[in-house]
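Participant: A single structure is presented below for examination.
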């Protein structure tokens with residue numbers, strides 16, 4: 001049903017007004033981009049007018065006057081009410097299951113370690129806002145092999161609104177005593193006036209520090225390198241002999257006795273690896289690869305597919321809804337990754353679960369040495385018995401349900417719609433949960449909200465001068481002359497494609513992240529959007545269209561295969577999203593370059609080059625200087641060299657270098673330094689209204 005509908009909707013697209021079809025080559029490059037049309041319908045990534053949507057519903061034998069008819073075919077009406085609800089979820093609904101994130105990982109326990117410092121720092125603001133809450137430690141804190149001393153000042157990157165009592169994106173839960181994290185922690189900042197700026201990446205957030213504070217942060221070990229590699233003896237495979245010691249002995253899935261890693265050694269090693277990661281970077285894919293990525297911007301409208309590799313490409317809102325679902329499930333559900341650990345990582349599922357549990361933050365969830373009968377424990381069996389006794393059976397599935405056609409948990413199959421076989425969709429009818437609704441309500445609401453966001457205006461004096469002098473306008477011509485628009489097509493400055501790794505030539509790790517799933521995929525399916533959760537056995541199911549996205553419904557998107565690829569990301573909002581490239585490796589600190597009146601530059605402070613001189617030290621990257629490093633061959637070489645000299649950024653650790661995307665605009669490619677400067681000014685002007693201040 002869905003496939004026939006999508007083909008019909010394609011035939012009607014030619015009658016849509018300009019704001020829905022976005023004719024790329026007839027667009028004035030400096031005019032504002034079209035915005036998401038309220039009142040239209042999203043139909044698996046296609047925008048349909050009310051009339052077109054009604055025709056589609058009628059063609060499928062349903063009543064177009066009944067709102068439920070649209071939900072039955074997978075169409076989402078974009079209303080202001082839906083956008084408002086999405087905003088509320090985005091800012092105020094926690095991410096992740098309490099069992100894994102709190103009971104096992106111990107995020108709230110870790111955060112509580114510096115909560116007195118955070119409260120003191122906020123009180124000292126006297127109601128004023130900040131985009132970087134600096135805390136002064138009131139005690140020594142040892143994480144891994146590093147000790148942060150009393151009196152040390154830490155740049156946390158936490159945002160506090162004007163009059164705010166707690167950091168933006170963090171919500172204390174008095175009922176459970178935990179501290180939840182929302183989308184806004186990473187994907188919002190505050191203006192100088194203290195107002196929220198949704199969609200702007202929190203590029204200075206001290207993610208590594210906040211993670212390492214958790215008492216069992218090593219529960220997330222498959223987010224980092226688990227490959228047993230003799231060239232990297234510090235990899236985080238639990239069977240690496242270097243971690244032998246006081247680990248518990250368990251029974252694996254084949255009935256063998258296996259010794260788990262020493263929990264203290266393993267935790268120390270994990271924290272050391274995490275603390276090597278620069279601020280503003282994260283790793284949420286349980287792929288066993290060092291492929292940390294900087295936080296992306298949240299200006300999502302017509303910026304599909306989603307994530308650096310474009311892996312989220314199908315379903316409502318061009319893959320944005322399945323991405324939002326994944327953020328609340330496959331990207332954060334630590335235990336569910338055990339389902340595929342054998343096939344994708346070569347780690348026995350019982351070894352995975354045992355490693356995950358043996359140092360759990362909640363003592364009740366820690367593996368015992370032996371069972372009462374003297375036998376060794378099989379972790380999955382013990383966990384279910386323990387959960388049952390505690391009244392929290394399958395607690396890791398909080399607000400998540402198995403996808404149709406994926407099988408039964410804990411043996412679910414991945415698909416292009418869910419990489420762990422689970423969807424985030426809280427139970428319907430829960431008045432105290434803002435994410436409660438029919439199937440996929442919350443994911444679609446967040447998509448509608450994110451697609452309503454536009455980059456904030458660039459109010460810098462530099463932008464005002466560049467617009468007034470004509471530099472921005474000249475830069476627009478350089479942008480076209482340099483052929484940037486062949487991929488970064490106005491008005492959204494993307495071609496919505498995934499380009500093979502061989503073409504982009506950036507650091508390969510993230511591009512390969514999902515290749516191990518390709519042979520495991522089943523056809524992507526969704527429940528109809530009128531389905532009540534919990535889902536009944538008679539619930540109707542929709543096939544998710546994949547035409548034009550992947551060669552078959554059970555293969556990864558085009559461009560990712562065979563060797564990995566990267567999406568063309570939008571250029572809108574670059575002023576707010578330094579540093580650049582997916583790994584953030586193209587980074588230069590403010591004051592590191594001296595730029596002369598004619599556009600020439602000189603490096604005056606080499607210590608400010610690369611991540612080494614910026615986010616690895618908790619210091620922000622300068623947008624203009626970092627863009628110059630992106631465009632200038634010689635400066636890029638210096639930035640890459642600075643990254644490669646830092647052991648913490650090596651392929652065996654964070655694996656960040658700033659290489660690739662070698663499309664330079666400099667003397668070597670026939671452009672003057674002034675033209676390079678004009679192009680930089682143009683790129684920094686790509687806000688909500690690029691041609692005006």
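Table: residues versus (1) in contact with a strand residue (DSSP E or B) (Cβ under 8 Å, 6 or more places away or on another chain); (2) closer than 24 Å to residue 450 by Cβ; (3) modelled with pLDDT under 55.
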residue: 3; (1), (2), (3): yes, no, yes
residue: 11; (1), (2), (3): no, no, yes
residue: 18; (1), (2), (3): no, yes, yes
residue: 22; (1), (2), (3): no, yes, yes
residue: 38; (1), (2), (3): no, yes, no
residue: 55; (1), (2), (3): no, no, no
residue: 64; (1), (2), (3): no, no, no
residue: 74; (1), (2), (3): yes, yes, no
residue: 77; (1), (2), (3): yes, yes, no
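Participant: For the range 529-567, give me the residue count where each residue is within 18 Å of residue 406 (Cβ to Cβ), surrounded by fewer than 20 Cβ atoms within 10 Å (Cβ to Cβ) and touching a helix residue (DSSP H, G or I) at 6+ places or on another chain (Cβ under 8 Å).
Facilitator: 3
Participant: Pick from the range 103-131 the residues that are part of a loop (DSSP other than H, G, I, E, B) and touching a residue at least 40 places away in the same chain (Cβ under 8 Å): which of them is surrounded by the most Cβ atoms within 10 Å (Cβ to Cβ)?
Facilitator: Within the range 103-131, the first condition is being part of a loop (DSSP other than H, G, I, E, B), and the residues that meet it are 105-106, 114, 125-129, 131.
From what is left, the residues that are touching a residue at least 40 places away in the same chain (Cβ under 8 Å) are 105-106, 114, 128-129, 131.
Working: 105: 25, 106: 22, 114: 22, 128: 13, 129: 21, 131: 19.
Going through the qualifying residues, I end up with 105.
Participant: Right, next: How many residues are in contact with a helix residue (DSSP H, G or I) (Cβ under 7 Å, 6 or more places away or on another chain) and surrounded by 21 or more Cβ atoms within 10 Å (Cβ to Cβ) when one looks only at the range 180-197?
Facilitator: Kept after step one, since they are in contact with a helix residue (DSSP H, G or I) (Cβ under 7 Å, 6 or more places away or on another chain), are these residues of the range 180-197: 182-184.
Filter again for surrounded by 21 or more Cβ atoms within 10 Å (Cβ to Cβ), leaving 183-184.
The qualifying residues number 2.
Participant: Right, next: Among the listed residues 205, 213, 224, identify the single one that is under 30 Å from residue 460 (Cα atoms), surrounded by 19 or more Cβ atoms within 10 Å (Cβ to Cβ) and touching a residue at least 12 places away in the same chain (Cβ under 8 Å). Before the answer, list the steps.
Facilitator: Details: 213 fails: under 30 Å from residue 460 (Cα atoms); 224 fails: under 30 Å from residue 460 (Cα atoms).
Among 205, 213, 224, only 205 is under 30 Å from residue 460 (Cα atoms), surrounded by 19 or more Cβ atoms within 10 Å (Cβ to Cβ) and touching a residue at least 12 places away in the same chain (Cβ under 8 Å).
Participant: Suppose the filter is under 21 Å from residue 208 (Cα atoms) and in contact with a strand residue (DSSP E or B) (Cβ under 6 Å, 6 or more places away or on another chain); does residue 658 pass it? Steps first, please.
Facilitator: Details: under 21 Å from residue 208 (Cα atoms): yes; in contact with a strand residue (DSSP E or B) (Cβ under 6 Å, 6 or more places away or on another chain): yes.
Considered against the rule, which asks whether it is under 21 Å from residue 208 (Cα atoms) and in contact with a strand residue (DSSP E or B) (Cβ under 6 Å, 6 or more places away or on another chain), residue 658 comes out as yes.
Participant: Output the residues belonging to the range 137-156 that are touching a helix residue (DSSP H, G or I) at 6+ places or on another chain (Cβ under 8 Å), in a loop (DSSP other than H, G, I, E, B) and under 19 Å from residue 614 (Cα atoms).
Facilitator: First, the residues of the range 137-156 that are touching a helix residue (DSSP H, G or I) at 6+ places or on another chain (Cβ under 8 Å): 137-138, 141, 143-146, 154, 156.
When the remaining residues are screened for being in a loop (DSSP other than H, G, I, E, B), the result is 137-138, 144-145, 156.
The one that is touching a helix residue (DSSP H, G or I) at 6+ places or on another chain (Cβ under 8 Å), in a loop (DSSP other than H, G, I, E, B) and under 19 Å from residue 614 (Cα atoms): 156.
Participant: Please go through the range 610-644 and give me each residue that is on the phi > 0 side of the Ramachandran plot and surrounded by 24 or more Cβ atoms within 10 Å (Cβ to Cβ), ordered by number.
Facilitator: Within the range 610-644, just 610 meets the criteria.
Participant: Within the range 662-676, is there a residue that is touching a strand residue (DSSP E or B) at 6+ places or on another chain (Cβ under 8 Å), surrounded by fewer than 24 Cβ atoms within 10 Å (Cβ to Cβ) and in a helix (DSSP H, G or I)?
Facilitator: Of the residues in the range 662-676, the ones touching a strand residue (DSSP E or B) at 6+ places or on another chain (Cβ under 8 Å) are 673.
Right, trim to surrounded by fewer than 24 Cβ atoms within 10 Å (Cβ to Cβ) and you get 673.
From the residues that got through so far, the ones that are in a helix (DSSP H, G or I) too are 673.
Among the residues of the range 662-676, at least one is touching a strand residue (DSSP E or B) at 6+ places or on another chain (Cβ under 8 Å), surrounded by fewer than 24 Cβ atoms within 10 Å (Cβ to Cβ) and in a helix (DSSP H, G or I), which makes the answer yes.
Participant: Surrounded by fewer than 17 Cβ atoms within 10 Å (Cβ to Cβ), modelled with pLDDT of 55 or more and in a helix (DSSP H, G or I): is that true of residue 68 in this structure? If you could, list the steps in order and put the result at the bottom.
Facilitator: Details: surrounded by fewer than 17 Cβ atoms within 10 Å (Cβ to Cβ): yes; modelled with pLDDT of 55 or more: yes; in a helix (DSSP H, G or I): yes.
The answer is yes for residue 68.
Participant: Still on this structure, please answer the following. May I ask you to list the residues in the range 137-178 that are touching a strand residue (DSSP E or B) at 6+ places or on another chain (Cβ under 8 Å), without any contact (Cβ under 8 Å) to a residue 24 or more places away in the chain and either crowded, with 19+ Cβ neighbours inside 10 Å or on the phi < 0 side of the Ramachandran plot (or both)?
Facilitator: Within the range 137-178, 137, 140, 142, 147, 148, 152, 153, 172 meet the criteria.
Participant: Hey, does the range 411-422 have a residue that's outside any loop (DSSP other than H, G, I, E, B), touching a strand residue (DSSP E or B) at 6+ places or on another chain (Cβ under 8 Å) and closer than 23 Å to residue 327 by Cβ?
Facilitator: Within the range 411-422, the first condition is being outside any loop (DSSP other than H, G, I, E, B), and the residues that meet it are 415, 418, 422.
Then keep just the ones that are touching a strand residue (DSSP E or B) at 6+ places or on another chain (Cβ under 8 Å); that gives 415, 422.
Filter once more, so that each one left must be closer than 23 Å to residue 327 by Cβ: 415, 422.
Yes: one or more hits.
Participant: Residues of the range 448-471 being part of a helix (DSSP H, G or I) and within 17 Å of residue 92 (Cβ to Cβ), which ones?
Facilitator: To start, the set of residues in the range 448-471 that are part of a helix (DSSP H, G or I) comprises 448-450, 461-469, 471.
Selection gives 448, 449, 450.
Participant: Of the residues 340, 334, which is part of a loop (DSSP other than H, G, I, E, B) and within 18 Å of residue 226 (Cβ to Cβ)? Break it down into steps so the answer makes sense when it comes.
Facilitator: Working: 340 fails: part of a loop (DSSP other than H, G, I, E, B).
334 is the lone residue from the list that is part of a loop (DSSP other than H, G, I, E, B) and within 18 Å of residue 226 (Cβ to Cβ).
Participant: Okay, moving on. Would you confirm whether or not the range 413-427 contains a residue that is out of contact with any helix residue (DSSP H, G or I) (no Cβ under 6 Å at 6 or more places or on another chain), closer than 30 Å to residue 540 by Cα and surrounded by fewer than 17 Cβ atoms within 10 Å (Cβ to Cβ)?
Facilitator: Among the residues of the range 413-427, at least one is out of contact with any helix residue (DSSP H, G or I) (no Cβ under 6 Å at 6 or more places or on another chain), closer than 30 Å to residue 540 by Cα and surrounded by fewer than 17 Cβ atoms within 10 Å (Cβ to Cβ), which makes the answer yes.
Participant: In addition: Looking only at the range 377-404, which residues are out of contact with any helix residue (DSSP H, G or I) (no Cβ under 7 Å at 6 or more places or on another chain), crowded, with 17+ Cβ neighbours inside 10 Å and in a loop (DSSP other than H, G, I, E, B)?
Facilitator: Residues satisfying the conditions are 399, 403, 404.
Participant: For residue 134, are the conditions met, namely being in contact with a helix residue (DSSP H, G or I) (Cβ under 9 Å, 6 or more places away or on another chain), without any contact (Cβ under 8 Å) to a residue 60 or more places away in the chain and exposed (fewer than 13 other Cβ atoms within 10 Å of the Cβ)? Break it down stepwise before answering.
Facilitator: On the way: in contact with a helix residue (DSSP H, G or I) (Cβ under 9 Å, 6 or more places away or on another chain): yes; without any contact (Cβ under 8 Å) to a residue 60 or more places away in the chain: yes; exposed (fewer than 13 other Cβ atoms within 10 Å of the Cβ): no.
Against the criterion (in contact with a helix residue (DSSP H, G or I) (Cβ under 9 Å, 6 or more places away or on another chain), without any contact (Cβ under 8 Å) to a residue 60 or more places away in the chain and exposed (fewer than 13 other Cβ atoms within 10 Å of the Cβ)), residue 134 does not qualify.
Participant: For the range 642-661: of the residues being in contact with a helix residue (DSSP H, G or I) (Cβ under 9 Å, 6 or more places away or on another chain) and outside any loop (DSSP other than H, G, I, E, B), which is farthest from residue 221 (Cα to Cα)? Write out each step before concluding.
Facilitator: Taking the range 642-661 first, the residues in contact with a helix residue (DSSP H, G or I) (Cβ under 9 Å, 6 or more places away or on another chain) are 642-643, 645-646, 648-650, 653-661.
Next, only the ones that are outside any loop (DSSP other than H, G, I, E, B) stay: 642-643, 648-649.
Numbers: 642: 28, 643: 24, 648: 17, 649: 18 Å.
Among those that are in contact with a helix residue (DSSP H, G or I) (Cβ under 9 Å, 6 or more places away or on another chain) and outside any loop (DSSP other than H, G, I, E, B), it is 642.
Participant: I need the full set of residues from the range 587-614 which are more than 15 Å from residue 204 (Cβ to Cβ), in a loop (DSSP other than H, G, I, E, B) and at pLDDT 95 or above, in order please.
Facilitator: 591, 592, 604, 605, 610
Participant: Further question on the same structure: Picking from 303, 324, 318, which residue would you name as being in contact (Cβ under 8 Å) with a residue 60 or more places away in the chain and either in a loop (DSSP other than H, G, I, E, B) or surrounded by fewer than 24 Cβ atoms within 10 Å (Cβ to Cβ) (or both)?
Facilitator: Working: 324 fails: either in a loop (DSSP other than H, G, I, E, B) or surrounded by fewer than 24 Cβ atoms within 10 Å (Cβ to Cβ) (or both); 318 fails: either in a loop (DSSP other than H, G, I, E, B) or surrounded by fewer than 24 Cβ atoms within 10 Å (Cβ to Cβ) (or both).
The unique qualifying residue is 303.
Participant: In the range 356-375, what residues are crowded, with 16+ Cβ neighbours inside 10 Å and farther than 24 Å from residue 178 by Cβ?
Facilitator: Result: no residue meets the conditions.
Participant: Next question. Can we say residue 511 is touching a strand residue (DSSP E or B) at 6+ places or on another chain (Cβ under 8 Å), at pLDDT below 95 and within 24 Å of residue 303 (Cα to Cα)? Before you say what the answer is, go through the steps one by one.
Facilitator: Values: touching a strand residue (DSSP E or B) at 6+ places or on another chain (Cβ under 8 Å): yes; at pLDDT below 95: yes; within 24 Å of residue 303 (Cα to Cα): yes.
Taking the combined requirement at face value, the residue satisfies it.
Participant: Does any residue of the range 173-181 turn out to be under 30 Å from residue 572 (Cα atoms) and in a helix (DSSP H, G or I)?
Facilitator: No: the range 173-181 contains no residue that is under 30 Å from residue 572 (Cα atoms) and in a helix (DSSP H, G or I).
Participant: Which numbered condition in (1) surrounded by 19 or more Cβ atoms within 10 Å (Cβ to Cβ); (2) out of contact with any strand residue (DSSP E or B) (no Cβ under 8 Å at 6 or more places or on another chain); (3) outside any loop (DSSP other than H, G, I, E, B) is the only one that residue 88 fails?
Facilitator: Only one criterion in (1) surrounded by 19 or more Cβ atoms within 10 Å (Cβ to Cβ); (2) out of contact with any strand residue (DSSP E or B) (no Cβ under 8 Å at 6 or more places or on another chain); (3) outside any loop (DSSP other than H, G, I, E, B) is unmet by residue 88, namely (1).
The values are calculated or read from the model by the stated rules, or taken from the named source; none is laboratory data. On a predicted model such as this, the values are computed, not experimentally measured, just so you know. No Cβ is skipped: glycine too gets one built from the backbone with ideal geometry, and neighbour counts run over all protein chains shown.
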